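Below is one structure; the comments refer to it alone.
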Amino acid sequence: GAVVSQHPSRVICKSGTSVKIECRSLDFQATTMFWYRQFPKQSLMLMATSNEGSKATYEQGVEKDKFLINHASLTLSTLTVTSAHPEDSSFYICSARETGGQPQHFGDGTRLSIL
Amino acid sequence: SQKIEQNSEALNIQEGKTATLTCNYTNYSPAYLQWYRQDPGRGPVFLLLIRENEKEKRKERLKVTFDTTLKQSLFHITASQPADSATYLCALDEPGGSYIPTFGRGTSLIVHP
């Protein structure tokens, strides 16, 4: 089955630090990758959609200068939380999809804790 | 925009029974609908995808139905097991061909031995 690897699984760092999260599709080429944020007992909140080689499309209310997304290849997308603050603490999950109309395959998430 | 309704209350059933979870949507009918399983602290895992022209889809003990008239999908797990305990999410795509998915909040299923 399709496998998506997300690293790191957990990050604890001080306020003001920038944190980079990687998302890799291991056995398929992902034309589209998605980044989500999830609060406890809440649904997945889509932050942005990225297509390989083009700029990410951010959802309303998501600061693109705060959450930098790079989708440089068909197997790798990165999310960088810049100058993170305690309110950025959350569970971040990426997913990858081969083509439109196909299911998404998710990474195992990154638990980000900003002190 | 699309509103997706999944029962927020946990569904508790006995092992061996059939679990039925509901996903209702309020607006347009999507081209396809997906069901995912999510365990605590993990990313969702894809289970089944059903297209608008399909009434029913099966995979092992899982069955999904899609009724565009009722704007509803039902997700069934037959012969349920304690290992089936998890949160189940439904997801619908946005219109316009962009295939941007919207997820429901999920329903927690607890299967008691």
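The values are calculated or read from the model by the stated rules, or taken from the named source; none is laboratory data. Quick caveat: nothing in here was measured; it's all calculated off a predicted structure. Positions of Cβ are backbone-derived with ideal geometry, glycine not excepted, and every protein chain shown enters the neighbour counts. Ligands, DNA and RNA are excluded from the accessible area calculation, which covers all protein heavy atoms including side chains. Shrake-Rupley method; radii C 1.70, N 1.55, O 1.52, S 1.80 Å.
Some notes on this structure:
- Computed label-point distance, nm, for sites B:Gln2 and B:Arg58 using a 7 Å Cα→Cβ extension: 2.6 nm
- Computing Rg and the Kirkwood Rh from the Cα coordinates of segment B:1-56 gives a ratio, Rg/Rh, of 0.99.
- Kirkwood Rh, angstrom, segment A:48-115 [1 / mean 1/r, Cα pairs]: 13.1 Å
- Area projected by the alpha carbon convex hull of chain A, averaged over all directions, nm²: 6.8 nm²
- Separation in nanometres of the label points that stand 7 Å from Cα toward Cβ, at A:Glu63 and A:Thr17: 1.9 nm
- Across peptide A:101-112, the mean count of Cβ atoms from other chains lying within 10 Å of each residue's own Cβ comes to 5.
- Using the alpha-carbon positions of segment A:1-68, Rg (one decimal) and Dmax (whole number) come out as 13.4, 38 Å.
- Element breakdown for chain B at a 1.4 angstrom probe: carbon and sulfur atoms account for 47% of the accessible area.
- The magnitude of the dipole of segment A:49-115, with charges of +1 and -1 set on the Cβ of Lys/Arg and Asp/Glu and taken from the Cα centre, is near 80 debye.
- For the protein assembly as shown, the Cβ-based charge dipole about the Cα centre amounts to some 220 debye (Lys, Arg positive; Asp, Glu negative; other atoms uncharged).
- With all projection directions averaged, the alpha carbon convex hull of chain B covers 6.9 nm².
- Taken one residue at a time, the phi angles of segment B:104-113 give Karplus couplings (6.51, -1.76, 1.60, θ = phi - 60°) of x, 6, x, 10, 7, 10, 10, 9, 8, x Hz. Gly and Pro are set to x.
- The protein assembly as shown - convex hull of the alpha-carbon atoms, volume per residue in Å³: 122 Å³
- Residues B:Leu70 and A:Glu52, FRET efficiency given R0 of 41 Å [Cβ-Cβ distance, rounded to 0.05]: 0.60
- Remark: for residue pairs A:Lys41/B:Lys3; A:Lys14/A:Lys55; A:Lys14/A:Lys64; A:Lys66/B:Lys71; A:Lys55/B:Lys57, the C-alpha separation exceeds 26 Å in A:Lys14/A:Lys55; A:Lys66/B:Lys71; A:Lys55/B:Lys57.
- Top positive-direction residue, dipole computed over chain B with Cβ charges, set B:Ser8, B:Ile100, B:Thr65: B:Thr65
- Residue of A:Cys23, A:Cys13, A:Cys94 that the Gaussian network model of chain A assigns the largest fluctuation, springs spanning Cα pairs under 10 Å: A:Cys13
- Shielding value for A:38-50 is 3, the average number of Cβ atoms from other chains within 10 Å of each residue's Cβ.
- Segment A:1-89 - charge dipole about Cα centre, Lys and Arg +1 at Cβ, Asp and Glu -1, debye rounded to 20: 180 debye
- Distance between modelled label sites at A:Val3 and B:Glu15, nm, 7 Å Cα→Cβ extension: 3.1 nm
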